[in-house]
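Asks: One structure, pasted below without further comment.
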Number of protein chains: 2
Amino acid sequence: SLGVCSLFHPEAGNLWGVFDLHTHSSCSLSLSDIEISQSCIPKPIDQVAKEVGLFPDEVELYGQTKAKIQLSVLKRLQNQPDGKYVVVTGITPTPLGEGKSTTTVGLVQALGAHLRQNVFACVRQPSQGPTFGIKGGAAGGGYCQVVPMEEFNLHLTGDIHAITAANNLVAAAIDARIFHELTQSDQALYNRLVPSVNGVRKFSDIQIRRLQKLGINKTDPMALTKEEVNAFVRLDIDPGTITWQRVLDTNDRFLRKITIGQSAQFDITVSSEIMAVLALADGLDDMKKRFGRMVVASSKKGIPVTADDLGVTGALAVLMKDAVKPNLMQTLEGTPVFVHAGPFANIAHGNSSVLADKIALKLVGKDGFVVTEAGFGADIGMEKFFNIKCRYSGLRPHVVVLVATVRALKMHGGGPAVTAGVPLPKEYTEENLQLVAKGCSNLTKQIQNARMFGVPVVVAVNAFKTDTKAELALVVQHAKEAGAFDAVECTHWAEGGKGALALARAVQRASQAPSNFKFLYNVELPVVDKIRLIAQQVYGARDIELLPEAQEKVALYTKQGFGNLPICMAKTHLSLSHDPEQKGAPTGFVLPIRDIRASVGAGFLYPLVGTMSTMPGLPTRPCFYDIDLDPVSGAVNGLF
Amino acid sequence: SLGVCSLFHPEAGNLWGVFDLHTHSSCSLSLSDIEISQSCIPKPIDQVAKEVGLFPDEVELYGQTKAKIQLSVLKRLQNQPDGKYVVVTGITPTPLGEGKSTTTVGLVQALGAHLRQNVFACVRQPSQGPTFGIKGGAAGGGYCQVVPMEEFNLHLTGDIHAITAANNLVAAAIDARIFHELTQSDQALYNRLVPSVNGVRKFSDIQIRRLQKLGINKTDPMALTKEEVNAFVRLDIDPGTITWQRVLDTNDRFLRKITIGQSAQFDITVSSEIMAVLALADGLDDMKKRFGRMVVASSKKGIPVTADDLGVTGALAVLMKDAVKPNLMQTLEGTPVFVHAGPFANIAHGNSSVLADKIALKLVGKDGFVVTEAGFGADIGMEKFFNIKCRYSGLRPHVVVLVATVRALKMHGGGPAVTAGVPLPKEYTEENLQLVAKGCSNLTKQIQNARMFGVPVVVAVNAFKTDTKAELALVVQHAKEAGAFDAVECTHWAEGGKGALALARAVQRASQAPSNFKFLYNVELPVVDKIRLIAQQVYGARDIELLPEAQEKVALYTKQGFGNLPICMAKTHLSLSHDPEQKGAPTGFVLPIRDIRASVGAGFLYPLVGTMSTMPGLPTRPCFYDIDLDPVSGAVNGLF
C-alpha cells in the first residue's frame, strides 16, 4: 500500500462527544464562533496526519493543532490516482458573505465524518490584519469551522509573515539598487557587485543568469568589456515604472498614500505577488522560477527588470522554504483541512494553493473528495479557478458547488441595501417570494457560468433561520430549472456535517456525472480578446472599453512578451458588472478597463475595473477592544 | 523527582561523530559556518527536551529542530533551586565583534558535553533583516554554533514577526484614533465605541479600565455625563508627542525618513518596545500589564496616552501568546539552548528574556549552569543586565565571563582602525606586545566595571590563529592583575567545547567564590543622578551634560511619574565614552545627553548619547546574492 488509509476518521465518533452535545441542542445558536471552536478538543494533529496516510517524517508539527506537510509526499504518491476535485463558489454575495467557507467545511464534515469518505478541505489562509479591525473570521462559522479558529485566524505557521519579509526584501533591494547606481561609477559598482574575496573574483549563480539574459556568455569577471560591465551593473530602473509596493499585514489606512524611496504606498501582505506565486507554484523549483520572473519595473529603455536581475531570487526562496509546505488542520468534526495561501480575489486569483490541492487529491485517493474554495462569486473566483489555477495545475474539476442564500437572492430581486453592522431590513427577515423569484436571475447566470466550463453544478441553498420553506423550495426549483445537476437545502451552520448530508450525497452523484471541462479562452489570443471574452461570456457585458492607460499597457505587455498570460480580472464582487449597485444579472453594459497590471511571476495580467483597495483601515471601534488573553489559562477570548 | 535529569546529554558522545571528525582535523577552518552547521545532524528536539527534564505536554514542537516551551514549567518547578547564573560580556569590541556568542556556546559545550554538567545557554534571537544585508550570523561561529543556524537566523518560530504585527497594530490604532476623533462628535464617537449590540450597550473590560483611570466609577454606559463622555472618548493625542513608530524586519534605509499619518519613520522590528517587553516580562500577566502601560504619546494636556487607552492591550497579548514561550534549540555538541527575545542593546537593554533564564535555571537545578549573553561590551550590556534585567527578574548572577581578544586590545592600544570588509592591517596579524599592553586599559576598566557589582569575573581570551603565545599570556597576566578571578585562553571557535575546557573549569571555581551582588543605583534617585552615576562609575566620565531636549524630558517624565524607572543608556558600543574614536579607557570627558525617551511598558528611560540608527540599509552587493535554496534537497546555501 502507498500509505493511504481507506477511511480517515476511525475515531471521530469518540473524540467529538463534546461537539455532539452542541449540534443536537438547538438550531438557534447562542454561542459565538470562538466559543464553539473552544468547546471542542481537537485531535492531536499528528493523529490527523496519521489518519490521512501521512508518514511521520512527512509531518512537521507546529504545536498540537497545526502541522506543515513536506512536499516529498507528492513524489511518494505520484502513482496514486487523484480523488474527485470539487470547487465551492457562490452567487453574487451581499457584503455579509453567503457562507462559502462554512459550506466548504460543512460539505467535508458531511462527506468525511458522516458518510465516511476520504475527504480533504483546502482553504485559504486569512489575512491577520483585518482580524483586529472588523469581526468576521474566515474559518467558517457556527458548527462548521476549522479549529482552533484562533490559530487559523492569527499567525498560523507564519506563512504570511514570510511573505511580508520576502516582499519587503524585494522593495528594499529596488530602492537600494537605484540609490547605489545613482552614487557610483560603473567600475565602482562592478568592484562591489563582483568583489575579490581572498584574491578570487567570481560571479554568483544569479549573476551568471543575468549575464546570460544580457547575451554575455562569459564566466570570468575580468573578461567583460566596458560596455558589458555597464550593461551588467546598471539595471537603470525607471522610477516611474516601479510596480512593487511594500506590504504589512496590518489594517492601516495611513500607509495607503505615502512616498518611500521610489514606491508610493504600502499594501496589505496578502495582496503581494509573492502570495500569488505561493498559491500557483507546484513545487520548490517552480516557486523559485516564478520568483525570479517577477517584474518589478522597467528600465529606462523599457526592458522588464525582474527579481532575478536584483539578485534576490534565492533569498526569496529561502525565506519561503517553509511557507511552501501546506498547513494541516482539522474541522470541528475532525476531518482534515489544508490551509495554504490566500491571494486577493480581485488583483490576484483568490484561490488556495495548487500544492495543497495536489497533495490532498493524492491522499484521498481515487474515491475520495477534495473540496476547495474559490474567493468571491462564481464570476470571479470560479472563473479564475478554472482559467488560471486549473490551467497552471493541470487539475480538472469534477463538480462545482454553488452557494446561494435567500438573503442574497432577495437583494438581487430588488431588496433594500444590505450593510454590515446595520440590522437587516424586514424584507430579509419575512417571507417575500417575489423578491426571491426576481433575484434568481443572478443564480441562473452563475449556474450558466459554471456550466460554460463543462462541469456539473450542485446548488447549495445555505438556509438561515428566517428563511421560510416556500422561499427555500423556490430557490431549489429555480436552480434545477436553470440547469443545475441538483439543488439542496443545507443547515450545516447550525447542525454541522449532518446539515450538509443532502449536499454531500448530491455531490457524490454529480462527481459520477459526465464532466467535459474546457477553458474559456486560449492564452494565445490577444490580451483585449481575452478580456472581452470574460466580460461578455461571464459577466454579461455588451463590450469592454479600454481607457488610455489600459491601452498603453496592452501595447507594453504585448511588446515585453507577456501578452500570452492568462487574465485575472480585478472587479467588484458585489455585482456581475463593474457597478456594485447593479444587482441581478445585468446585461448590455460596457465594462470599463481602467488600467492593466502584470504579475509576471505569478503568471497573469490583471485588468483593473474600477479602483481596488489594497490596504484596509481600522473603524472607530476596532474589534480589538473585545479581544483578550486569559493570563492564567492562556485562552484567547473575544475573537469573533 | 521533579523531572529534572541529573545529566542532560547521555548520548552526546554517540550522536556527534560527524562533528568530532571536524574538531580534530584542524585549527584553521576551511568550512563556512553554514557548512559546519549542516555537517552535523542535530538530535530531534523532542529528545533534547526530554534530556533536560521537560515533559511532553510542556513542549510544542516546531518541526524537528525547534520547540516552544510552555510557561507552565515554571510553576511545576517552583520549588526547585536555581542553578548558577553566568553572564557573558566583553571588553569594548572592534566593529567585527570579539566572539561573545561563540564563547557563550563554547562555554556551555565545555560544561555540558565535556564536563557533563547540566547546562543551558540563553541567547538572543537575531533580527532577520540584516541576514540579507551583510554576512555575519548571531548563532556563534566555527565549532560553537546554535544549530541549525539557518533556522536560528531566519524566521525561527515567528516571534519577531509577532512583534512586527503587534507593534504595527498599535501604530495603526494611534493614527486611526486621531483620524476618527478629528472627524466625529463626542456623541458619535461614544455611540461607536460603546455600541448597542442586540439592544444591549456595555463597556468592554479595557474600557472599564480607562474609566477607572479617569476616575469615573460607572459601569452603565447610559450613566455618563457629557463631560465624562468627552473625557472617555477623546484621547486628544498631541501629534507632536507621538513616540511610537512602525516597524519592519527588513534592512530598508528608505523607511528611515518618511511621514505616515503622525509618525515619522519605520524602525527595524527588534527595536520595538514590544520586543523589550517580551524580554523583561516574567509571565503572561506581567507581559499584558507592561503592554497596557506602554506610552505612545501625550494628550494635549500632557497626560500620557497608553496602549490600554487605545484599547489594544488584549489584542497585543493575543498576538504575542506564542512568542512569550522560549524557543528550545541546541548547540553543535547537542547541549540545550533557549533562543528568546532580542532587544536592541542601545535604545533597549540588549539581553535575552527573563523567562528563558528563569526556566533554564530551574531546569538545570542547583548544581547546573545557565549561561546568558549580554549585548555589546560590559559598559553597556552587562550594566543593563545588572541594573535593568536582574532588577526586574530578581535573579542574582554568580559569575561574569568577560571576553577579550588580542585584536581588540591592540586597537585600544592605538592600532589602526579595524573596518568590516577590509583586510586587517599587519599590526593585527603580527606580534605586537606593546599595542596589547597599552590596550589593556580597556580590559582593566571593564573588569573593574564587573567587580563594581560584586560579582567575580573570569576573563576569556578568545584566541585567533594569528595571536602569539606571548600576546595571549600578556592578556592573561594583565587580567589577573586587574582583579579578575581568573583569566584563560580559549580556542573553542576552532575546537568546539574542548577549546573552552579551561574556561569552563574557571567558571566552575568562580561560581563557588563569594558573590556580593549589588545594583549601581537606587531607582528612587532623580533621573539625572542615575544617569550621572552610570556615566561616571561605568564609563569613566567626569560629568554629564544635558542638552535642552533632555532637560525638558527629565521634567516631563518626572512630572508624569516615570522618574523612578531604571536607566537604559543608548550609547555607542565602540568606546567607553560617547565618541567611537576614543579607545582604551578614556577619562575626564563630559558625556552629552542629547535627548531622553521612555519605554514605560518595558520599564526604563533611555537617554540618547549621540544618534542611534534604528533602521539599517542594504549595501551595493547585499549577501542575498549568495543565498540560495536547493530545490531538490531543500537545503539553504550561502547563508554566512
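Quick note: the coordinates plus some simple rules give every number you see, no bench work behind them. This structure is a prediction, so every number in the text was calculated from the model and none was measured. Using ideal geometry, Cβ is built from the backbone for each residue, glycine included, and neighbour counts are taken over all protein chains shown.
Asks: Most exposed first by the Cβ proxy, i.e. fewest other Cβ within 10 Å, how do B:T65, B:T102, B:T331 rank?
Replies: Ascending Cβ contact count within 10 Å gives the list B:T65, B:T102, B:T331.
Asks: Within a 10 angstrom radius of each residue's Cβ in B:50-62, how many Cβ atoms of other chains show up on average? Whole number is fine.
Replies: 2
Asks: On to the next question. Quick one, could you list the DSSP H helices from chain B stretching 24 Å or more along their long axis (Cα atoms) with average Kyte-Doolittle hydropathy of 0.5 or above?
Replies: Span-like helices in chain B: B:159-183.
Asks: When all C-alpha to C-alpha distances in the stretch B:319-392 are sorted into bins of 10 Å, what percent of pairs does each bin hold, rounded to whole numbers?
Replies: Going out from 0 Å in 10 Å bins, the stretch B:319-392 shows 18, 47, 32, 3 percent.
Asks: Using a 10 Å cut-off around each Cβ, can you sort A:S393, B:S353 from fewest to most neighbouring Cβ atoms?
Replies: A:S393, B:S353
Asks: For the stretch B:266-293 and the stretch A:428-490, what is the separation of their C-alpha centers, rounded to whole Å?
Replies: Going from one Cα centre to the other spans 52 Å.
Asks: Right, next: Given the C-alpha atoms of the stretch A:515-567, compute the convex hull and give its volume per residue in Å³.
Replies: Numbers: hull volume 4.0 nm³, N = 53.
Taking the convex hull of the Cα positions in the stretch A:515-567, it is 75 Å³ per residue.
Asks: Counting only Cα atoms, I'd like the Rg/Rh figure for the protein assembly as shown, Kirkwood definition for Rh.
Replies: Answer for the protein assembly as shown: 0.97.
Asks: Ok, one more. Set the Förster radius R0 to 35 Å, insert the Cβ-Cβ distance between A:S185 and B:I258 as r into 1/(1 + (r/R0)^6), and round the FRET efficiency to 0.05.
Replies: Computed FRET efficiency for A:S185 and B:I258: 0.75.
Asks: Does a label point 7 Å from the Cα of B:I134, set along Cα-to-beta-carbon, have any residues of the stretch B:402-441 with amide nitrogen under 13 Å, and which are they?
Replies: Backbone N within reach: B:418-423.
Asks: Would you pull out the residues with amide H under 5 Å of A:A67's amide H, same chain only if 5 or more places away, H placed 1.01 Å from N?
Replies: Counting only residues 5 or more places away or on other chains, the set is A:Y62, A:L328.
Asks: To continue, here is another question. Could you put A:M275, B:M452 in order, starting from the residue whose Cβ has the fewest other Cβ atoms within 10 Å?
Replies: So the residues, fewest neighbours to most, are B:M452, A:M275.
Asks: To the nearest 0.05, how large is the calculated FRET efficiency for B:S72 and A:M612 if R₀ is 56 Å and r is the Cβ-Cβ distance?
Replies: Numbers: r = 46 Å, r/R0 = 0.82.
Efficiency computed from Cβ-Cβ geometry: 0.75.
Asks: Over all residues in B:612-624, what is the mean tally of Cβ atoms on other chains that come within 10 Å of each residue's Cβ? Show your work: numbers first, answer last.
Replies: Working: counts 0, 0, 0, 0, 1, 5, 8, 3, 15, 10, 9, 3, 14.
Whole-number average of other-chain Cβ neighbours for B:612-624 is 5.
Asks: A:T419 to A:E227: extension gain in nm, 0.36 nm per residue of separation minus the Cα-Cα distance?
Replies: Full extension from A:T419 to A:E227 adds 63.0 nm.
Asks: Can you pull the mean other chain C-beta count within 10 Å for peptide B:162-171?
Replies: The mean count of partner-chain Cβ atoms within 10 Å per residue comes to 5.
Asks: Mind listing the long-range amide H neighbours of B:A297? Cut-off is under 5 Å, sequence gap 5 or more, other chains count too, H placed in the peptide plane at 1.01 Å from N.
Replies: B:T243, B:V305
Asks: Suppose only helical runs count, i.e. DSSP H with n ≥ 4. What mean residue ellipticity at 222 nm does that imply for the protein assembly as shown under -39500 (n - 2.57) per run, divided by all residues and rounded to the nearest 500 deg cm²/dmol? Walk me through the numbers before you get to the answer.
Replies: Working: 46 runs with 423 residues, N = 1280.
Rounded to the nearest 500, the figure is -9500 deg cm²/dmol.
Asks: Place a point 7 Å from the Cα of B:E431 along the Cα-to-Cβ direction; which residues of the stretch B:449-484 have their backbone N under 20 Å from it?
Replies: B:461-479
Asks: 7 Å from Cα along Cα→Cβ at both A:I41 and A:Q537: what's the point-to-point distance in nm?
Replies: It works out to 5.3 nm between the two label points.
Asks: Cut-off 18 Å, label point 7 angstrom out along Cα-to-Cβ of A:R451: give me the residues of the stretch A:69-101 whose amide nitrogen falls inside.
Replies: A:89-92
Asks: Shifting gears a bit: Grab the Cα-Cα distance for A:V632 and A:K465, subtract it from 0.36 nm times how many residues apart they are, and report the gain in nm with one decimal. Provide the component values of the computation, followed by the final result.
Replies: Working: separation 167, 0.36 × 167 = 60.12 nm, distance 3.76 nm.
My answer for the length gained is 56.4 nm.
Asks: Could you pull the Cα extents of the stretch A:228-320 along its three principal axes, largest to smallest, in whole Å?
Replies: Each principal axis gives a Cα extent; for the stretch A:228-320 these are 45, 35, 18 Å.
Asks: Semi-axes of the equivalent ellipsoid for the stretch B:530-608, please: Cα gyration tensor eigenvalues, times 5, square-rooted, ordered largest first, whole Å. List each step's numbers first, then the result.
Replies: Working: eigenvalues 110, 30, 22 Å².
Semi-axes from the Cα gyration tensor: 23, 12, 10 Å.
Asks: When you count, for each residue, the other Cβ atoms within 10 Å and take the mean per peptide, how do B:166-173, A:421-428, B:470-477, A:283-290 rank with the highest first?
Replies: Ranked from most to least packed, the peptides come out as B:166-173, A:283-290, B:470-477, A:421-428.
Asks: Which loop GluC sites (Glu not before Pro) in the stretch A:511-600, with loop taken from DSSP, have no more than 12 other Cβ atoms within 10 angstrom of their Cβ?
Replies: A:E524, A:E581
Asks: May I ask you to list the trypsin sites (Lys or Arg not before Pro) in the stretch A:96-178 that are in a DSSP loop and have at most 15 other Cβ atoms within 10 Å of their Cβ?
Replies: Within the stretch A:96-178, the qualifying trypsin sites (Lys or Arg not before Pro) (loop, at most 15 other Cβ atoms within 10 Å) are A:R116.
Asks: What are the residues whose amide H is under 5 Å from the amide H of B:V461, where those residues sit 5 or more places off or on another chain and H is modelled from the backbone?
Replies: Here B:A404, B:V488, B:E489, B:C490 satisfy the definition.
Asks: Rounded to the nearest 20 Debye, what is the dipole magnitude of chain A about its Cα centre when Lys and Arg each give +1 and Asp and Glu each give -1 at the C-beta? Before the final figure, lay out each step's value.
Replies: Details: 63 positive and 60 negative charges, 296 e Å.
Using Cβ point charges on Lys, Arg, Asp and Glu, chain A gives about 1420 debye.
Asks: Which of the trypsin sites (Lys or Arg not before Pro) across the stretch B:555-640 are loop residues per DSSP, with 16 or fewer other Cβ within 10 Å?
Replies: Here no trypsin sites (Lys or Arg not before Pro) fit, given the DSSP loop and packing criteria.
Asks: Follow-up question, since we're still on this one. Tell me which aspartates and glutamates have Cα within less than 17 Å of B:K480's Cα, excluding those fewer than 8 residues away on the same chain?
Replies: By straight Cα distance, B:K480 reaches B:E471, B:E489.
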